[in-house]
Structure formats: C-alpha cells, structure tokens
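Heads up, the thing below is written out as structure tokens.
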Amino acid sequence: MTRAWSSEELQRVGGSTEVQVSSERGDGTVRPYVTIWIVQVGEELYVRSAYGTDNPWYRRAKASGAGRIRAGRFERGVTFAQAGSQVHPAIDAAYHAKYDRYGPQIVGTVVGDRAAAGTLRLVPRD
C-alpha cells in the first residue's frame with residue numbers, strides 16, 4: 001500500500017519555496033542533496049528538472065527510483081514516481097502561481113512540454 005502525505009507534511013514540504021532532493025545509490029547511501037523547486041497539486045508533490053531530462057540529478061533519481069527530500073528540518077524517504085500526463089497542466093499552473101515572481105525566464109525552465117518530460121511525483125516512504 002502506498003503511503004500518502006499527511007496534511008502537515010503537505011503544508012511543510014509543499015509550502016516550501018525550495019527543498020532539497022537526493023537519490024539513493026545502489027548501496028542505500030544517499031547522494032549529495034540538490035536544491036530544487038517543488039509544487040503541490042491536490043495531495044501530491046511534484047518536482048521538475050529545470051534543465052531537462054539530461055540533468056544529472058534527474059537521471060540519478062529516475063534510475064534509482066528512491067531517495068530523500070528535505071524541507072528545513074523535515075526529512076523523509078521518497079519514491080520517485082512517474083507523473084501522469086493528465087496532471088501536467090495543473091503542475092504548470094502550480095509552478096506559475098508559486099514562482100512567477102522570479103520572472104518568466106527562470107519559470108520557463110519548469111513549465112511547458114519540455115519540462116513535463118522531467119517531472120517526478122514524490123511518494124513518501126516510511
């Protein structure tokens with residue numbers, strides 16, 4: 001059974017401007033954390049690779065399928081899952097709503113069809 005984010009976790013993590021993500025190596029240790037933007041759509045959390053699917057952190061996260069997320073002092077193990085194609089317009093809207101204040105050039109790296117390919121849904125693990 002897949003665990004869901006609690007309301008408190010959604011508030012803490014989804015409400016953060018930036019979070020840190022790390023993927024697991026084959027031996028279970030975690031790689032160095034990478035700072036990234038995060039959005040919440042419904043009761044799910046999503047991250048996108050700002051510079052496409054060739055970005056090293058994204059490739060490692062996709063390959064390992066597991067890692068950790070850190071938002072302030074909160075830390076949790078996660079599974080990196082594929083995002084359904086039907087949710088991409090809502091993810092774009094969430095990025096615009098949360099980050100447009102940073103300007104169209106930077107927000108443009110995480111919205112649209114190219115960015116959609118680099119989307120991961122974060123599923124909490126115990």
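When you look at THR79, is it within 22 Å of ARG3 (Cβ to Cβ) and modelled with pLDDT of 95 or more, yes or no? Please lay out each step first, then the result.
Details: within 22 Å of ARG3 (Cβ to Cβ): yes; modelled with pLDDT of 95 or more: yes.
Yes.
Report yes if some residue within the range 83-99 is more than 18 Å from TRP5 (Cβ to Cβ), in contact with a Leu (Cβ under 9 Å, 6 or more places away or on another chain) and either touching a residue at least 24 places away in the same chain (Cβ under 8 Å) or part of a loop (DSSP other than H, G, I, E, B) (or both); otherwise report no.
Initial filter on the range 83-99 (more than 18 Å from TRP5 (Cβ to Cβ)): 85-86, 88-89, 92-93, 95-97, 99.
Remaining after also requiring in contact with a Leu (Cβ under 9 Å, 6 or more places away or on another chain): none.
No, the range 83-99 contains no residue that is more than 18 Å from TRP5 (Cβ to Cβ), in contact with a Leu (Cβ under 9 Å, 6 or more places away or on another chain) and either touching a residue at least 24 places away in the same chain (Cβ under 8 Å) or part of a loop (DSSP other than H, G, I, E, B) (or both).
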Practice item. Read through the list (1) farther than 22 Å from PRO124 by Cβ; (2) of a type in the set (Lys, Arg); (3) assigned to a loop (DSSP other than H, G, I, E, B), then give the number of the only condition that ARG3 fails. Key: (1)
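Can you tell me which residue in the range 98-114 is modelled with the lowest pLDDT, limited to those that are hydrophobic (A, V, I, L, M, F, W, C) and farther than 30 Å from GLY28 by Cβ?
Step by step, filter the range 98-114, then rank; the result is ILE106.
The values are calculated or read from the model by the stated rules, or taken from the named source; none is laboratory data. This one's a predicted model, so the numbers in the text were calculated from it and none came from an experiment. Cβ coordinates were reconstructed from backbone atoms using ideal geometry, including for glycine residues, and neighbour counts include every protein chain displayed.
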